[in-house]
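To start, the structure under review is shown below, and the notes come after it.
The values are calculated or read from the model by the stated rules, or taken from the named source; none is laboratory data. Predicted model, so just to flag it, every value in this text is computed and none were measured. Positions of Cβ are generated from backbone atoms using ideal geometry, with glycine treated the same way; all protein chains shown enter the neighbour counts.
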Amino acid sequence: MSEERDYLLGTHDAEVERLGLQHRVWRPRVLDAWRRAGITVGSTVIDAGAGPGWASLDLAEIVGPEGRVKALERSARFVEVLNRSAASRGLRNIDAATVDLVTDPLPITGTDAFWIRWVLAFVNDPAAVLAKLHAALRPGGVAVIHEYLDYGTFSILPDQPAIEDFKQLVVDDWRASGGEPDIGRFLPALLPAAGFRIRSMQPLVETVRKGDLVWQWPATWGRNYPRHLVEAGKVDQAWADRVTAAFDAAEADPDAVIITPMVLEIIAEKV
């Protein structure tokens, strides 16, 4: 099966742009986590499941010419996008490789850190991925992880029944594909079993109105994913139209609030 076809929303230009928006929303949190983890000038860092490389580009700026970013991504299309972006910015310290974190060996050892976000939630063997990443770190190397902890916190207030239906279908579809939307609940046990000591943990959740940039993250997802479900034959157009209408109603309501899916941030180190 093509890795391009089985990506949830594909690897086309519109998805590259959506992932770029998602990274901009989360960028302040991410930069803070990297700083607290000790990622700095001269570090060698793995971006595990790099996608089109928005985080890799930021990491390359941080570690500078003396450091390296090892971007591992199974989509050849996303690797191509990353390489073009790095070249356009004059960044020569990114090594991007087409690697499946589950099925392929990792061609790296002795790195200072790895960064992974919303990858373990989508793979069918997160323990195997953690074991490979553990082996790729030097002793004392650091892991920085952002993964969903409680997808059920995602809500639009006032309550929208169509949004609740949408959320439940997303979770069911996710699990049917072999992923686990609440993988963060399992990480406090999976990480020590893989040879990590957890240094810090914190939940990340936002409550925002339309004027906040964070609003665009779930709002964009809520418009794109119903189209995917229709194209996949999992729902009919009338169902998707009800979900879209619910998001439209929230956009038009000045008192509407979005509560984002809760993410767990973990900083851990190899022991």
## Note on the structure
Taking segment 243-253 and the residues there that are out of contact with any helix residue (DSSP H, G or I) (no Cβ under 6 Å at 6 or more places or on another chain) and either modelled with pLDDT of 95 or more or small (G, A, S) (or both), the one that is nearest to V205 (Cα to Cα) would be A250
#### Entry: Filter result for the condition that a residue is polar (S, T, N, Q), surrounded by 15 or more Cβ atoms within 10 Å (Cβ to Cβ) and under 22 Å from P52 (Cβ atoms), over S155, S85
S85
### Query
Can you find a residue in segment 183-202 that is surrounded by fewer than 17 Cβ atoms within 10 Å (Cβ to Cβ) and within 22 Å of L19 (Cβ to Cβ)?
no
### Query
From the residues in segment 208-253 that are under 16 Å from V170 (Cβ atoms) and basic (K, R), which one is surrounded by the most Cβ atoms within 10 Å (Cβ to Cβ)?
R242
### Summary
For segment 17-28, pairs from a residue that is more than 14 Å from D212 (Cβ to Cβ) to a residue that is of a type outside the set (A, V, I, L, M, F, W, C) and outside any helix (DSSP H, G or I), with Cβ under 6 Å and 6 or more apart or across chains, are L19/G51; L19/P52
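Each row is one residue, and each column tells you yes or no for (1) more than 30 Å from A131 (Cβ to Cβ); (2) touching a Leu at 6+ places or on another chain (Cβ under 8 Å); (3) not aromatic (F, W, Y).
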{"residue": "R209", "(1), (2), (3)": "yes, no, yes"}
{"residue": "W215", "(1), (2), (3)": "yes, no, no"}
{"residue": "W221", "(1), (2), (3)": "yes, no, no"}
{"residue": "L229", "(1), (2), (3)": "yes, yes, yes"}
{"residue": "D241", "(1), (2), (3)": "yes, no, yes"}
{"residue": "A245", "(1), (2), (3)": "yes, no, yes"}
{"residue": "E251", "(1), (2), (3)": "yes, no, yes"}
{"residue": "M262", "(1), (2), (3)": "no, yes, yes"}
{"residue": "K270", "(1), (2), (3)": "no, yes, yes"}
### Task
Among what's in segment 196-216 and is touching a residue at least 40 places away in the same chain (Cβ under 8 Å) and not in a strand (DSSP E or B), pick the residue that is farthest from E251 (Cα to Cα).
V205
### Message
Out of A176, A136, A143, A131, I need the residue that is under 17 Å from the mean Cα position of the chain (by Cα) and either in contact (Cβ under 8 Å) with a residue 40 or more places away in the chain or more than 15 Å from L264 (Cβ to Cβ) (or both). Which one?
### Response
A143
### Task
Could you check R242 against (1) of a type outside the set (A, V, I, L, M, F, W, C); (2) in a helix (DSSP H, G or I); (3) under 23 Å from the mean Cα position of the chain (by Cα) and say which number it fails?
(3)
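Results for (1) touching a helix residue (DSSP H, G or I) at 6+ places or on another chain (Cβ under 6 Å); (2) closer than 27 Å to R36 by Cα, shown as yes or no for each residue.
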residue: R68; (1), (2): no, yes
residue: V81; (1), (2): yes, no
residue: T103; (1), (2): no, no
residue: V119; (1), (2): no, yes
